[in-house]
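The values are calculated or read from the model by the stated rules, or taken from the named source; none is laboratory data. For clarity, every value in this text was computed on a predicted model and none was experimentally measured. Note that we place each Cβ from the backbone using ideal geometry, even for glycine, and neighbour counts take in every protein chain shown. Please note that ligands, DNA and RNA were not included when accessible areas were found on the heavy atoms of the full protein model with its side chains. Shrake-Rupley method; radii C 1.70, N 1.55, O 1.52, S 1.80 Å.
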Amino acid sequence: MDLPERAASSRLIGALARWSPWVIGSALSLLMFWVDFTHSDDGNLDGKAFLGRDFVNLWAGGHLLWDGRPEAIYHVAAYREHLASLFGPLGGHNYSYPPITFPVAQLFSLLPYWLALPLWLGSTGALFVWAARRWWPSGWAPVWLAVLTPAALMNIWAGHYGFLVGALFLIGWERLDAKPWQAGLLFGLLLVKPHLAILVPIVLLLRGQWTALLSGALTVAALIAATSAIYGWSVWQQFLFGAGSFQAGLIDAGTSFFGYMSTSMVTAMLRLSDSWALAFGAQMLLGAAAVAMVAVAARRPLPTFDLAMLAATATFLVLPYAFNYDLTVVMVAAVRLWADPKATRAERWLAVTGFLSPQIGMLLAPLAVPAMPLMLAALLAGQFSRALRISPSAAARAAPAAAA
């Protein structure tokens, strides 16, 4: 084989290695989009859902608030009756977001649904791409592909908060070293989906980031106070003790379709066994290992960007309740490790495994295979392995660059 042929062959192999995971990781989402399109009757999907899926909660919740009925938003029966009045009978929907999302819901409900849905996904998607620009590997692939990863496609299909929460997370960590007050403010806004920020205060505490911790705490307090003043304190009580307990009951998802999207080890184990002790035991072991890796990394002179990516992946091994459309930042973490020229071949393979987890894990879930949490654990192992090999001198050089 002469040199031009070898070069062409090398380029072909490189292209296959880079793009085949994107093709494989997109296939299930594209199939789900097609099924929804072919089963849609003016948007209604066989009486079980509506195009845009969970966005109906945001839009319908806003209408309920404009009607002056915030007390009904977390009352499941009353809420579903209201939802049926707008869309016709649907499946088991409920408003699962905290009261700080009420202004967002009211804003988007001012528009017709068919305009509000693309505006929601377009605006939050654009914000996520802008937030990811400093995190995305330079020259490896266009940054707009951040909204076409396997998890991002699931977020578009589900009409969810994945882009907004992901953007807040990325911008917050980006500004931590140079502007900790702003970082804390952005972390406080993660109260939109508070469980996804479970490791943020732990990492800030381990790093001694007191300014960001104080700023975040003040932001959370201010948001709770403001929404209580506008909508009444009772909505927070209903969210914590009504919606919260309802959502916790969904951990045992059984064979329901939404359960196949779960990243949780306990949910996966409950498909294998009826033993809650076994399921929660596996969840606790995996979660403890994830927290230990984050704690070890936080005590090392690791660049903030790498620590943030490690914490993002570990979050989904700790949480007993989360879904694949929430993994938008984890996809960025996988791409960073995948494209890292100093990563080992094994670490890159682990990165690709995590990258494919939102969709391969969902395909294997009906077979009672706990693939999604295990594939995310593989990604975390690759990230941790790479973090241990980052020298203190390299971390010191990265700090000024991040601050700039």
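When every alpha-carbon pair in the stretch 291-400 is counted, what percent end up more than 22 Å apart?
The share of Cα pairs beyond 22 Å in the stretch 291-400 comes to 29 percent.
Can you tell me the order of 195-204, 23-32 when each peptide is scored by its average per-residue count of other Cβ atoms within 10 angstrom, highest first?
Going by the mean number of other Cβ atoms within 10 Å, highest first, we get 195-204, 23-32.
Apply 1/(1 + (r/R0)^6) to the Cβ-Cβ distance of LEU205 and ARG389, taking R0 = 35 Å, and write down the FRET efficiency to the nearest 0.05.
0.85
Taking a probe of 1.4 Å, how large is the accessible area per residue of the chain, in Å²?
It amounts to 43 Å² per residue over the chain.
Relative contact order of the stretch 81-186: what whole-number percent is it, with Cα pairs under 8 angstrom and at least 6 residues apart?
20 percent
5 Å is the cut-off here: which amide hydrogens, built 1.01 Å from N in the peptide plane, fall below it relative to PHE50, excluding neighbours closer than 5 in sequence?
Hits under the 5 Å cutoff: LEU45.
May I ask you to order 290-300, 55-65, 107-117 by the average number of other C-beta atoms within 10 Å around their residues, highest value first?
In decreasing order of mean packing, 290-300, 55-65, 107-117 become 55-65, 290-300, 107-117.
How many nm separate the modelled label positions at ALA126 and ARG69, each set 7 Å beyond the Cα in the direction of the Cβ?
If labels sit at ALA126 and ARG69, their model points lie 3.4 nm apart.
Using unit Cβ charges (K, R positive; D, E negative) and no other charged atoms, how large, in debye to the nearest 20, is the dipole of the chain about its Cα centre?
1420 debye
To one decimal place, what Kirkwood hydrodynamic radius in Å is obtained for the stretch 147-287 from all pairs of distinct Cα atoms?
One over the average 1/r among Cα pairs gives 17.3 Å for the stretch 147-287.
Per-residue ellipticity at 222 nm for the chain, helices alone: DSSP H runs ≥ 4 residues times -39500 (n - 2.57), over residue total, nearest 500 deg cm²/dmol?
That calculation yields -21500 deg cm²/dmol at 222 nm.
Å³ per residue of the Cα convex hull, for the stretch 259-326?
So the per-residue Cα hull volume is 65 Å³.
Only Cα pairs within less than 10 Å get springs; with that Gaussian network setup on the chain, which residue of TRP135, TRP181, TRP34 has the largest fluctuation?
Taking springs between Cα atoms under 10 Å, the residue moving most is TRP34.
Please list 156-164, 278-286 highest first by mean number of surrounding beta-carbon atoms within 10 Å per residue.
Per-residue mean Cβ counts within 10 Å order the peptides as 156-164, 278-286.
Any idea how far apart SER228 and MET32 come out in nm if each label point goes 7 Å out from Cα toward Cβ?
With each label placed 7 Å out from Cα toward Cβ, I get 3.7 nm.
Could you work out the mean projected area of the convex hull around the alpha carbons of the chain, in square nanometres to one decimal?
It is 21.3 nm².
Compute the Kirkwood hydrodynamic radius of the stretch 219-355, taking the inverse of the mean of 1/r over all pairs of distinct Cα atoms, and give it in Å to one decimal.
17.4 Å
Hey, what's the Kirkwood Rh for the stretch 176-226 if you take every pair of different alpha carbons, in angstrom?
Taking the inverse mean of 1/r over all distinct Cα pairs, the stretch 176-226 comes out at 10.6 Å.
Please compute, for the alpha-carbon atoms of the stretch 125-193, the extent along each of the three principal axes and give them in descending order in Å.
So the extents along the principal axes, rounded to whole Å, are 33, 30, 15.
I need the shape label for the stretch 61-107. Rule: rounded when a/c is under 1.5, else prolate if a/b > b/c, else oblate, with a, b, c from the alpha carbon gyration tensor.
Here the stretch 61-107 falls in the prolate category.
Using 0.36 nm per residue of separation minus the Cα-Cα distance, give me the extension gain between ARG300 and LEU110 in nm, one decimal.
63.5 nm
For SER275, SER264, SER85, write out the residues from largest to smallest accessible area, computed with a 1.4 angstrom probe and no ligands counted.
SER85, SER275, SER264
Apply the Karplus curve 6.51 cos²θ - 1.76 cosθ + 1.60, θ = phi - 60°, to the phi angles in the stretch 311-327 and return the couplings in whole Hz, x for Gly and Pro.
Working through the residues one at a time gives 5, 4, 5, 4, 3, 7, 8, 8, 6, x, 9, 6, 9, 5, 6, 7, 8 Hz.
Positive end of the charge dipole of the stretch 311-386 (Lys, Arg +1 and Asp, Glu -1 on Cβ, about the Cα centre): tell me which of TYR325, ALA381, PRO358 has its Cα farthest that way.
ALA381
Suppose R0 equals 25 Å; then what is the FRET efficiency for ASP42 and LEU119 from their Cβ-Cβ distance, rounded to the nearest 0.05?
0.80
Tell me, what is the percent relative contact order of the stretch 206-278, built from C-alpha pairs under 8 Å that lie six or more residues apart?
The normalised contact order for the stretch 206-278 reaches 15 percent.
Which values, in whole Å and largest first, are the semi-axes of the equivalent ellipsoid of the stretch 49-136 obtained as the square root of 5 times each eigenvalue of the Cα gyration tensor?
Its equivalent ellipsoid spans semi-axes of 26, 14, 12 Å.
Output the relative contact order of the chain, whole-number percent, from Cα pairs under 8 angstrom with separation of 6+ residues.
17 percent
Please compute the modelled spin-label separation between ALA141 and GLU81, points set 7 Å along Cα→Cβ, answer in nm with one decimal.
Result: 4.9 nm between the two label points.
Length gain on complete extension for the stretch PHE241 to LEU278, per 0.36 nm per residue less the alpha carbon to alpha carbon distance?
Length difference between fully extended and current span is 10.7 nm.
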